[in-house]
Every structure is written in structure tokens, then in C-alpha cells.
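Student: First, the structure itself, so that you have it in front of you.
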Amino acid sequence: MLEEFQHPQVGDTIGFGANTMRIERAEPEHQHGGTTRLISRNRFRIPTLAGRLSMLPMEPASLVMERRMLAGIRERTERLAAS
């Protein structure tokens, strides 16, 4: 267990290489029956029309990838909590 990630607070950041994620909402009082709910929302600032259009085919693939990633995090978290 990584102690530094056990009590997330709004405004905390988690670095992933050059990318950083910021916690916008944490609701520990909504824990139910040993299950985990993790929601990821992304916001991009793409200044050009060409850049925005190039993101269109990537969005469905990103959605599938992120869903699988979140499911894997949930499975590992619940397995660790049960042990």
C-alpha cells in the first residue's frame, strides 16, 4: 500500500511523467461495501482547428483505453482492500 495515496484531498496532484492529474473531488464518506468508484474527466486546450479536428478519431480509442485502465485500477484496489 502506498501511504501517500491513501487520503486524497481536493487540489492534490499526481504526476505521471510529463503529465499531472489534479484531484477535483474526493468523497471518502461515500465508500460503500468495499467498492470503489473512480471517475476520470479530461479537459484539453487545443488552440487550432486542425488540432481539434485531429483529436476526433482519437477520442473513441481513448475512451476504450481509459475505461479499461479505470477497471484495472478498481480491480487492484478492491483486491488489496479485501486482503
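Student: Can you compute the modelled spin-label distance between Glu59 and Ser83, with each label point 7 Å from Cα toward Cβ, in nm?
Tutor: Modelled inter-label distance: 3.9 nm.
Student: Give the share of C-alpha pairs in each 5 angstrom bin for the chain, from 0 to the last occupied bin, in whole percents, shortest bins first.
Tutor: In order of increasing distance, the bins hold 3, 10, 16, 23, 20, 12, 8, 5, 3, 0 percent.
Student: Please determine, in degrees from 0 to 90 and to the nearest 10, the orientation of helix 58-82 with respect to the longest principal axis defined by the Cα atoms of the chain, where the helix direction is its Cα long axis.
Tutor: 10
Student: Related question: Using a Förster distance of 25 angstrom, determine the FRET efficiency expected from the C-beta separation of Asn19 and Ile46, and round it to 0.05.
Tutor: Calculated transfer efficiency: 0.95.
Student: Got a number for carbon plus sulfur as a percent of the chain's accessible area, 1.4 Å probe?
Tutor: Here carbon and sulfur together make up 56 percent of the probe-accessible area.
Student: May I pose another question? Whole number in Å², please: accessible area per residue of the chain, 1.4 Å probe, ligands, DNA and RNA not counted.
Tutor: Normalised by residue count, the accessible surface of the chain is 96 Å².
Student: In addition: Per DSSP H run of n ≥ 4, the term is -39500 (n - 2.57); total these for the chain, divide by its residue number, and report the mean residue ellipticity at 222 nm rounded to 500 deg cm²/dmol.
Tutor: -13000 deg cm²/dmol
The values are calculated or read from the model by the stated rules, or taken from the named source; none is laboratory data. Keep in mind that what you see is a predicted model, and the values were worked out from it rather than measured. Cβ coordinates were reconstructed from backbone atoms using ideal geometry, including for glycine residues, and neighbour counts include every protein chain displayed. In case anyone asks, the SASA skips ligands and DNA or RNA and just uses the protein heavy atoms, side chains included. Shrake-Rupley method; radii C 1.70, N 1.55, O 1.52, S 1.80 Å.
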